[in-house]
Every structure is written in structure tokens, then in C-alpha cells.
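Provided herewith is a single structure, encoded as C-alpha cells, for subsequent inquiry.
The values are calculated or read from the model by the stated rules, or taken from the named source; none is laboratory data. A quick note: this is a predicted structure, and the numbers were derived from the prediction, not measured. FYI the Cβ positions are ideal-geometry reconstructions off the backbone, even for glycines, and counts take in every protein chain you see. For accessibility, only protein heavy atoms count, side chains too; no ligands or nucleic acids. Shrake-Rupley method; radii C 1.70, N 1.55, O 1.52, S 1.80 Å.
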Amino acid sequence: MQMKYIYLVIRVHHKDDTDTIIKRLEKASDVFHRDYELRINDSPEEARASIADYRDKEYVLTAIGGDGSINNLLNAMVGSRSILAFLPFGTGNDFYRGCVEE
């Protein structure tokens, strides 16, 4: 069984890029035949609260953003059965750089 992808986008962080991000996520998900859901949130608090809907099942919860978005998602996932994924879309992306640099 294929896992469902939950994409968490915080509109206020991406402002004018939100529509572009959504289109790219939809296109990539269609290409890879992913079962997915987009959660567009208007604040980090709303995004954190929306994660509660996914705590009891196995999903790939994906933060679209920078270090703050990733940290927010990771802290909200503690104790869940889901997998953390992220797409770096922040200004510094220190977490991402730390994952890929040797």
C-alpha cells in the first residue's frame, strides 16, 4: 500500500509564491502517482494544529518552507507514526544544508 503525502504550505511565508508551489506539488504528485493532500495554512499555529488530524496514521508529512516550518512540523509530529519530509523553500535553509553537506 502506498503512503499518503500531506503537503503543509504556510501561505504567509510564501506570499505570492503559494500558487506556484501548489502547481508544482500537484504536477510532481501526478507524475509519481502519489495519493496526496494539500493543507494550505495561514499561520504556523494553524499548520501545527492541522497536523493533529494525521497523528494516528502513517503519512509522509511534508513541510514546504525553511527551518522554522521544518521545526514546527517536527515538534508537532512527536509521538506520531508519520514520516517527516521537507522541501526547502526558506531564506537560509540551514537544516537542509546540514543534511546535504559533508
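Give the residue, chosen from Phe32, Phe89, that is modelled with pLDDT of 85 or more, within 19 Å of Tyr5 (Cβ to Cβ) and open to solvent by 80 Å² or more (accessible area, probe 1.4 Å). Quick ask: steps written out before the conclusion?
On the way: Phe89 fails: modelled with pLDDT of 85 or more.
After ruling out the rest, the residue left standing is Phe32.
Then there's this: Considering Tyr96, Tyr54, which residue is open to solvent by 30 Å² or more (accessible area, probe 1.4 Å), farther than 15 Å from Arg11 by Cα and among the aromatic types (Phe, Trp, Tyr)? Give the steps one after another, and end with the answer.
Working: Tyr54 fails: open to solvent by 30 Å² or more (accessible area, probe 1.4 Å).
One residue alone meets the criteria, Tyr96.
Val31 fails exactly one of the following numbered conditions: (1) more than 17 Å from Gly66 (Cβ to Cβ); (2) in contact (Cβ under 8 Å) with a residue 12 or more places away in the chain. What is the number of that condition?
Against the list (1) more than 17 Å from Gly66 (Cβ to Cβ); (2) in contact (Cβ under 8 Å) with a residue 12 or more places away in the chain, Val31 comes up short only on (2).
Every residue, every condition in (1) closer than 21 Å to Asp19 by Cα; (2) out of contact with any strand residue (DSSP E or B) (no Cβ under 7 Å at 6 or more places or on another chain); (3) among the aromatic types (Phe, Trp, Tyr); (4) modelled with pLDDT of 85 or more, yes or no:
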site	(1), (2), (3), (4)
Pro44	yes, no, no, no
Asp53	no, yes, no, no
Val60	no, no, no, yes
Gly65	yes, no, no, no
Ile70	yes, no, no, no
